[in-house]
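Below is one structure, written out as structure tokens, with a few remarks after it.
Since every read-out is calculated from the coordinates, none of them should be taken as a lab result. Nothing here was measured: the structure is a model prediction, and the numbers come from that model. Here the Cβ positions follow ideal geometry from the backbone for every residue, glycine too, while neighbour counts run over all protein chains shown.
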Amino acid sequence: MEDVFQNQVDEATEKPSRRRVERAVFETDRQLVEGDLTLPPAGYQSRFSDSLNRGEFEFVPLTNATVTSLDTGEVSELPFVVLSKRHIRVAYPSER
């Protein structure tokens with residue numbers, strides 16, 4: 001049983017990454033949210049704008065997120081956040 005598990009671990013670490021991470025910024029009426037957006041490496045729906053235009057998803061999942069209140073300037077750092085697309089006013093890839 002341990003051999004089977006170890007083989008699965010070895011295979012997973014040998015496979016090239018099938019996703020890429022792009023840092024992005026989203027502004028809502030009340031918050032500025034910056035986080036890592038996971039995208040396909042190339043091809044179909046691999047552009048930043050494709051992830052926002054996909055109609056079957058209403059939310060954008062982000063990891064390593066920073067949420068800044070536009071009212072108070074208070075900053076929160078979160079390992080994971082899901083942002084509703086209907087609240088996004090402006091979105092763009094981050095420069096950093």
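With neighbour counts taken as other beta-carbon atoms within 10 Å, the residues Asp29, Asp36 rank, fewest first, as Asp29, Asp36.
Ordered by the count of other Cβ atoms within 10 Å of each Cβ, fewest first, Thr72, Thr28 give Thr72, Thr28. Annotation for Ser84 and Val21: the two label points, set 7 Å from Cα along the Cα-Cβ direction, are 2.7 nm apart.
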